[in-house]
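Here's the structure, in C-alpha cells; my notes come after.
The values are calculated or read from the model by the stated rules, or taken from the named source; none is laboratory data. Predicted model, so just to flag it, every value in this text is computed and none were measured. Glycine also receives a Cβ, built like all others from the backbone with ideal geometry; neighbour counts cover every protein chain displayed.
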Amino acid sequence: MPLQENGLVINHQQVAQDMYIMEFMAPAVARECQPGQFLHVRPGNTNDPLLRRPLSIYDADQEKGSISLLYRVVGAGTSLMTGIRENDYIDIVGPLGRGFTLPAPSKTALLVGGGVGIAPLVYLGRALIQRGCQVTAMMGAANENQLVAGDRLLEIGVPFLPVTMDGSRGYPGMVTDLLVPPVYPEEIVIYTCGPEPMMAKVAEYAQRYDIWGEVSLEEHMACGVGACLGCARRLKANDEAYVKVCKDGPVFNIMDVEF
Amino acid sequence: MEKQDMDLTVNLGGIIMKNPVAVASGTFGYGREYEDYLDINGLGAVIVKGTTLEPRHGNPPVRIFETAAGMLNAIGLENPGVEVFLNQHLPYLIDKDVTVIANIAGNTIEEYAALAARLEGCKGIAGIELNISCPNVKQGGLQFGTDPVMVRDVVKTVKANTSLPVMPKLSPNVTNIVEIALAAQEGGADALSMINTLMGMAINVQTRKPVLANVFGGLSGPAIKPVALRMIYQVHQEVDLPILGGGGIMNTLDALEFMMAGATGISIGTGNFVNPRLAYDIMVGLQEYMQENQINNLNEIVGIAVQK
Ligand SMILES: Cc1cc2nc3c(=O)[nH]c(=O)nc-3n(C[C@H](O)[C@H](O)[C@H](O)COP(=O)(O)OP(=O)(O)OC[C@H]3O[C@@H](n4cnc5c(N)ncnc54)[C@H](O)[C@@H]3O)c2cc1C
Ligand SMILES: Cc1cc2nc3c(=O)[nH]c(=O)nc-3n(C[C@H](O)[C@H](O)[C@H](O)COP(=O)(O)O)c2cc1C
Ligand code: FES
C-alpha cells in the first residue's frame, strides 16, 4: 500500500556533473518498494515549483528502512532538490505504479539502461540476483563521468558493460550496439529504461528474436495515482484509448509499446 | 471550546456536507485513487470526475504542464460515460459515509438534460455540479458558461429534469461574473461552484509550438487564487446563493480566506496532487481555527470580509 512519508535524508551526494544520489530513511515506504515502481517526490516546501516529481526507486534496503534515488538535474524541481542536506526531510509518496515482472530464476536477464534510465534497473538487478537469475547490465552514457551506477551494480553482483558515446570508457558507441543475436532467445528476458530512441531499438531487438521484455516509460505527471488522467499515452499509434503511465505503468510489456 | 460543540455541517442549497471541505471534480478520480492516503469519510464531499453521456477518450498528450505556482490541464474530459460511472464507480462511494456530488458535462442542452434525467433517482448522489465550461456545439462551440442566456437555459433545463440540488460551476473566463451568477440564479440554481480553471497556454521555445496538444488548457493552483477570491467576493455581494469556493487552496489559511470572501464550502483541486491528504488536513485545520477563535459554527465567518 502506498503512503506519504517524510524521509530523513542520511546521505546526499553529487556523483557526476548533473547527477545526485540521495538516500533517506523511510521505513514504511521502503517496506513496500518493488523494482520499477517510483516515488512522487516533493522537491521543496514551496508553491513554485508546485507539483511532485516522479523518480524511480534506485535502490532500497528494507531491513535498514532506507531508499535511494538517482536523479539528474534538469529543471526547477531537481535543482531545488540539490539543496537538501543530510538530516533534512524529504516528502515522498509511494511506492507508486506497476513495477517490473520478475522472471523464473532459470532465466538470464539483460538490463539495458541509457543515462539516468539506469536508475530503476539497479534495484531490479538486486531483486533478480536475489531470485537467482543470471544478470548482465549494459549501460550507455555520454561519457565516463556519466556512468554512475557501475559500482553499485558490481556491489550487487551484476556484471556491467559500460558504453560511452565518446569512447572514454568501455565500448564506444551506443548501448544497443551490444545487442547481438541470441543463441537461446527463450532463455533471455530483457528490461530497458532510458531515452525513447534507445528503448525503441531494444524493443525492435526483442521483437525480432521474440524475447520477452519490459520497458519503463516516462510521462509528465500531476497526481501520480491515476486520478488526474494527465499522464496519458497511446501505447500503439492506432489505439483509441490512452493508458495512464502512473497507474498502468510505468512498466509495460515491450511488445505492447510502439515507439 | 470542546470539539463536540462545534458544528461543521454546511448546507449548499440542499446538498448537506458534514464539513465544508470538498474535493474538486477531475482531481480526485472517483475517490478510490486516494483511499490509501486519507479517510474519505472525513471529507465534506467528493465531487467525482466530470461525466458525459458517452465514454470519452480525452485529448492526446501533452495534457498537463506545470507553470509558475500552477498548472495547465487539457484532459479533454476523458471519462467512461455515465453508465460505467453509475455501475462501476459510484458503488464504491455509496459504501462510504460521504456526500457524493456528480459532475456532468455535455455539448448540447439535450445532453445535459439526458444526463440529469439519468441520474434522477440514483441512490447515493446528493447533488449535481454542472460543468458549463464546455463548448456548445449548436452555438458554434461557444462555451455555455460565457453567455448568460445559455447559462440560464442550461440550468433551467437541468432543473426540469432532476429533483436533486443543482450547482452550476462558473467559468472565470468571462467579463462579468456577477451577470453569469445572476443568470444561473434565474435559471433556478440551488448553489454556485466557483471557479473552474482559467484558460491559458504555454509555448515550448525549442520546438516553437504550444506545449499542450490541445493548445489551450485550464490554469489551476495557487496562481489563480486571487482571481477566485475576487470573483467569489463579487458574487457573494450580489447573489443570494451559497457558494462552493475553490481555486488554488493549499492550506487552512487559504480556505479561511475563501470563506471570508463568501464561500460556504470550499473545494480542493490541484492541492490534492501536492499533498494527497490535504483535504483532510484542512478539515482538521478548520476545527483548530474554530477552537482557537471560539467559533462554534463556521457560517459566522462566511462573507465576513465582504464590505456590503
Ligand atoms: C516513472 C518515472 C520515473 C523517473 N525516474 C527518474 C529517475 O530515477 N531519475 C531521474 O533523474 N529522472 C527520473 N524521471 C524523470 C524526472 O521525473 C524528471 O526529470 C523531473 O520531473 C524533472 O523535474 P524538474 O523540475 O527538474 O524539471 P522541469 O523540466 O522544470 O519540470 C517541469 C515539469 O515537467 C515534468 N517533467 C520534466 N521532465 C520530465 C520527465 N522526463 N518525465 C516526467 N516528467 C517530467 C516535471 O515533473 C515538472 O512537472 C522519471 C520520470 C518518470 C515518469
Ligand atoms: C487535471 C484536472 C482535471 C479537471 N477536471 C475537471 C472536470 O472534469 N470537471 C470540472 O468541472 N472541473 C475539472 N477541473 C477543475 C477543478 O475541479 C477545479 O475547479 C480547478 O482546478 C480549480 O481549483 P484548484 O486550483 O484547487 O485546482 C479539473 C482540474 C484539473 C487540474
Ligand atoms: S499523473 Fe495523474 S493520472 Fe497519472
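Some notes on this structure:
- Residue list for segment B:21-41, filter: of a type in the set (S, T, N, Q), more than 9 Å from every other protein chain (Cβ to nearest Cβ) and in a loop (DSSP other than H, G, I, E, B): B:S25
- If only residues of segment B:42-51 that are assigned to a loop (DSSP other than H, G, I, E, B) and more than 12 Å from B:I75 (Cβ to Cβ) are counted, the one that is farthest from the other protein chains (Cβ to nearest Cβ) is B:G44.
- Residue list for segment B:167-224, restricted to those being within 14 Å of ligand 2 (Cβ to nearest atom) and either in a helix (DSSP H, G or I) or free of Cβ contacts under 8 Å to residues at least 40 places away in the same chain (or both): B:P168, B:S171, B:L198, B:M199, B:P222, B:A223, B:I224
Let's see how each residue does on (1) in contact (Cβ under 8 Å) with a residue 24 or more places away in the chain; (2) surrounded by 16 or more Cβ atoms within 10 Å (Cβ to Cβ):
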position: A:P159; (1), (2): yes, no
position: A:M165; (1), (2): yes, no
position: A:R169; (1), (2): yes, yes
position: A:D177; (1), (2): no, no
position: A:V180; (1), (2): no, no
position: A:I190; (1), (2): yes, yes
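- A residue that is within 16 Å of ligand 3 (Cβ to nearest atom) and either at positive phi or not acidic (D, E) (or both) can be found somewhere in segment A:71-87.
- Scanning segment A:98-142 for residues that are within 13 Å of the chain's Cα centre (by Cα) and part of a loop (DSSP other than H, G, I, E, B) yields a count of 2.
- Output for segment A:206-239, where each listed residue is assigned to a strand (DSSP E or B) and either within 12 Å of ligand 2 (Cβ to nearest atom) or crowded, with 18+ Cβ neighbours inside 10 Å (or both): A:G213, A:E214, A:V215, A:S216, A:A232, A:R233
- Condition check for B:G58: of a type outside the set (D, E, K, R), surrounded by fewer than 23 Cβ atoms within 10 Å (Cβ to Cβ) and within 14 Å of ligand 3 (Cβ to nearest atom): yes
- Any chance A:I57 is among the aliphatic types (A, V, I, L, M), in contact with a helix residue (DSSP H, G or I) (Cβ under 7 Å, 6 or more places away or on another chain) and assigned by TED's automatic domain parsing to the domain that holds A:F24: yes
- Flag for B:G248 being at pLDDT 95 or above, assigned to a loop (DSSP other than H, G, I, E, B), under 14 Å from the mean Cα position of the chain (by Cα) and away from ligand 3 (no atom under 16 Å from the Cβ): yes
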